[in-house]
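K.L.:
This is the structure, below, for whatever I ask next.
The values are calculated or read from the model by the stated rules, or taken from the named source; none is laboratory data. No experiment lies behind these values; they were computed from the predicted model shown. Glycine gets a Cβ as well: all are built from the backbone with ideal geometry, and neighbour counts include every protein chain shown.
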Amino acid sequence: MYPTVVIRTATKEDLDSAVSLVVRLKRLNAEFDPMLQVTPEIEQVTKQYLEETLNNPSSVLLVAVEGNKVIGVLKGDVEDRKFYKPRYVGVIREFYILPEYRRKGLGKRLMAEGIDQLRKKGAEVIMASFPALNDIAINFYKKMGFRPVEYIFAKEV
């Protein structure tokens, strides 16, 4: 269960560790689909992306920390779905836990805190974005009470 793991809002001091985890996630995503290949400048792009998240009042960036080690990250954003009710949605865009810390309830804890933080920022529903062929993610989100709502299809042109 990892009772010594603390889940908290990320700080600038956590940024390099959070970047490393998000880069790992993006490289994992690339294994699911060739359209998800990472760019050569993935580290720099991810650092800028997470720095912007820290300064965005509509975003959440959480880390799971054991001792001084960041072992998990969650990034979400509250968005306005102008055409739908409920109107405000929290979108989980990045969610990654180091493999050696998985399957012991930490993901549920991190996700629950992410949902709570997004709700406090106005989200009325939570959605998650991840590769369509990631069966582990599909099963995790189903266990957390999520269901499919939209499909996104892609085609190279």
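K.L.:
What are the pairs with Cβ atoms under 7 angstrom where one residue, in segment 100-116, is under 13 Å from residue 61 (Cα atoms) and the other, located anywhere, is part of a loop (DSSP other than H, G, I, E, B) and aliphatic (A, V, I, L, M)? Sequence gap at least six, or different chains.
P.N.:
Pairs found: 111/144.
K.L.:
In segment 1-21, how many residues are assigned to a loop (DSSP other than H, G, I, E, B) and either at pLDDT 95 or above or aliphatic (A, V, I, L, M) (or both)? Break it down into steps so the answer makes sense when it comes.
P.N.:
Restricting attention to segment 1-21, the residues satisfying the condition of being assigned to a loop (DSSP other than H, G, I, E, B) are 1-4, 10-11.
Next cut, either at pLDDT 95 or above or aliphatic (A, V, I, L, M) (or both) only: 1, 10-11.
Counting residues in segment 1-21 that are assigned to a loop (DSSP other than H, G, I, E, B) and either at pLDDT 95 or above or aliphatic (A, V, I, L, M) (or both) gives 3.
K.L.:
Another one. What pairs can you find where one residue is in segment 51-71 and more than 13 Å from residue 11 (Cα to Cα) and touching a residue at least 12 places away in the same chain (Cβ under 8 Å), the other is of a type in the set (A, V, I, L, M, F, W, C) and exposed (fewer than 12 other Cβ atoms within 10 Å of the Cβ), and their Cβ atoms are less than 8 Å apart, with a gap of 6+ or different chains?
P.N.:
66/6
K.L.:
OK, next. More than 17 Å from the chain's Cα centre (by Cα), of a type outside the set (Phe, Trp, Tyr) and more than 26 Å from residue 119 (Cβ to Cβ): which single residue out of 12, 69, 82, 26 fits that description?
P.N.:
Working: 12 fails: more than 26 Å from residue 119 (Cβ to Cβ); 82 fails: more than 26 Å from residue 119 (Cβ to Cβ); 26 fails: more than 17 Å from the chain's Cα centre (by Cα).
Residue meeting the stated conditions: 69.
K.L.:
Select, from 44, 37, 48, the only residue that is surrounded by fewer than 17 Cβ atoms within 10 Å (Cβ to Cβ) and more than 25 Å from residue 152 (Cβ to Cβ). Give the steps one after another, and end with the answer.
P.N.:
Numbers: 37 fails: more than 25 Å from residue 152 (Cβ to Cβ); 48 fails: more than 25 Å from residue 152 (Cβ to Cβ).
Just one listed residue meets the conditions, 44.
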